[in-house]
Amino acid sequence: MEKKLWFIIVLLILFGTVSAQKGRIEGRVYDKKNNEPLPFTNIVIWGTNIGSTSDLDGNFSFTGLEPGYVRLSATSVGYENYISEDILVTNAKKVYIEIPMTEKAVELDEVVVKASPFRKPLESPLSMRSLDISEIEKNPGGNRDISRVIQSLPGVASTVSFRNDVIVRGGGASENSFYLDGVEIPNLNHFSTQGASGGPVGIINVDFIREVDYYSGAFPASKGTTLSSVFEFKQIEPNKDKMNYRATLGATDLGLSINGPISEKSGLLLSVRRSYLGFLFDVIGLPFLPTYNDMQLKYKIRFDKKNELSIIGLGAIDQFKLNTGIDNPDESQRYILGYLPVNEQWNYTIGAVYKHFRSNGFDTWVLSRNYLDNRAYKYLNNVEIDSLKTFDYVSSEAENKIRYERNIFANRYKINVGAGGNYARYTNSTYQQIFTDSS
């Protein structure tokens, strides 16, 4: 009895210690055009009297924050007021954010400035919509899947419930462009249809997303080849304090993520995920067994104040097998097992983004490669013998891209110039036996 009492006391102490922990935000304020730190910038928790001031290196911090969603408001002499996207504060880990400040073109003697919580870019003030992490988390029916959340945006048509196809203003599902921290990614979903981007489950890890910018028209000049819409996914910055580990158990998958510093100048975001849908479907006796795996990576190193490099990676391995081990299958199960092929699909996107900051702007180099391998086959009576093969499909798509952009800030004007190239290769091999009735 005494041991049990001590055990309960220890648990209460530990629980009280954890409950007493508060959230913490750290960050850096810098000039958007040249990456120079901005000292003595006032940063306030939006809607409160809690404030902080950046030091000579532009760094600031907030401690003792209650868990929940907050926004930061930043003001500095000679710069436009800045309102951040929603930031999720927890007592489990510290949040790191970088605040870019835009210099004012004209300084007046007396002016009353009221910051709006809704940020609109000068290029597309009406056709751009931003989603922050709170909107993604709270979206009804989204299930923390970005691909489902963006289907609720204005101008996006709804599709069947088991697919995440994005159809904007009557365009095709293959006419949208997706960018992850500046790297173009052709595919957002597992078990995607070749030639489109839709699928039943999204690949991107919501925990690493800071905000999503959605353009339904008036695309930026650098995205001129887009036909329907542009989605820009912006990831959080790696934690600079310590390495954080997180394991998640979802309704259909198990995941592990890492967020933290590699060295004084570099940091890493990494997540891996594997589903156990195949196990669940086998237990309930379904004739097909889907399994998906994915990986997301961001490595960022800042060499100095003027030069930084980011490595972005995203990949998936999907398998769609048949449950041939069902005992005494019924008529429906036999029918599905008789016509459904086995499908194996994997894809990846890897890219490097290098930025060099100048006194009046910055240069960006983006080099990337994406690859998709799609295979499907079928054997008569599901007996895997070469002579019984009735269908064999093998297809691959590869793209190698390079893009250069220069952003110049001149008084009230922003000038964006650049060039790019794309080398694509597609292969396809199809074998199929067709049975006909000769009578």
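The values are calculated or read from the model by the stated rules, or taken from the named source; none is laboratory data. Small disclaimer: the values here were computed from a predicted structure and weren't measured. Positions of Cβ are generated from backbone atoms using ideal geometry, with glycine treated the same way; all protein chains shown enter the neighbour counts.
Remarks
Residues are listed down the side, and each one gets a yes or a no for (1) in a strand (DSSP E or B); (2) among the hydroxyl-bearing types (Ser, Thr, Tyr):
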| position | (1), (2) |
| --- | --- |
| THR193 | no, yes |
| ARG210 | yes, no |
| ASP213 | yes, no |
| GLY217 | no, no |
| LEU256 | yes, no |
| PHE279 | no, no |
| PRO290 | yes, no |
| ASP294 | yes, no |
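Yes/no per residue for (1) under 28 Å from LYS33 (Cα atoms); (2) in contact with a Phe, Trp or Tyr (Cβ under 9 Å, 6 or more places away or on another chain); (3) crowded, with 16+ Cβ neighbours inside 10 Å:
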| site | (1), (2), (3) |
| --- | --- |
| THR349 | no, yes, yes |
| THR364 | yes, yes, yes |
| ASN382 | no, no, no |
| GLU397 | no, yes, yes |
| ALA410 | yes, no, no |
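- Where THR248 falls short, out of the listed (1) surrounded by fewer than 16 Cβ atoms within 10 Å (Cβ to Cβ); (2) at pLDDT 90 or above; (3) more than 29 Å from ARG406 (Cβ to Cβ): (2)
- Checklist (1) assigned to a loop (DSSP other than H, G, I, E, B); (2) at pLDDT 90 or above; (3) under 30 Å from SER127 (Cα atoms) applied to GLU232, failing item: (1)
- Every residue from region 351-362 that is of a type outside the set (A, V, I, L, M) and either in a strand (DSSP E or B) or surrounded by 18 or more Cβ atoms within 10 Å (Cβ to Cβ) (or both): GLY351, TYR354, LYS355, HIS356, PHE357, ARG358, GLY361, PHE362
- Candidates are the residues of region 142-196 that are in contact with a strand residue (DSSP E or B) (Cβ under 7 Å, 6 or more places away or on another chain) and on the phi > 0 side of the Ramachandran plot; the one that is surrounded by the most Cβ atoms within 10 Å (Cβ to Cβ) is GLY182.
- For ILE402, the stated conditions hold: it is touching a Gly at 6+ places or on another chain (Cβ under 8 Å) and of a type outside the set (Ser, Thr, Tyr).
- Residue match in region 275-294 (condition: within 30 Å of PHE362 (Cβ to Cβ), surrounded by 15 or more Cβ atoms within 10 Å (Cβ to Cβ) and assigned by TED's automatic domain parsing to the domain that holds ASN143): no
- Taking residues in region 238-249 that are of a type outside the set (D, E, K, R), and partners anywhere that are in a loop (DSSP other than H, G, I, E, B) and surrounded by 13 or more Cβ atoms within 10 Å (Cβ to Cβ), the pairs with Cβ atoms closer than 6 Å and at least 6 places apart or on different chains are ASN244/LYS93.
- Filter pass, ASN59 being exposed (fewer than 13 other Cβ atoms within 10 Å of the Cβ) and over 25 Å from LEU131 (Cβ atoms): no
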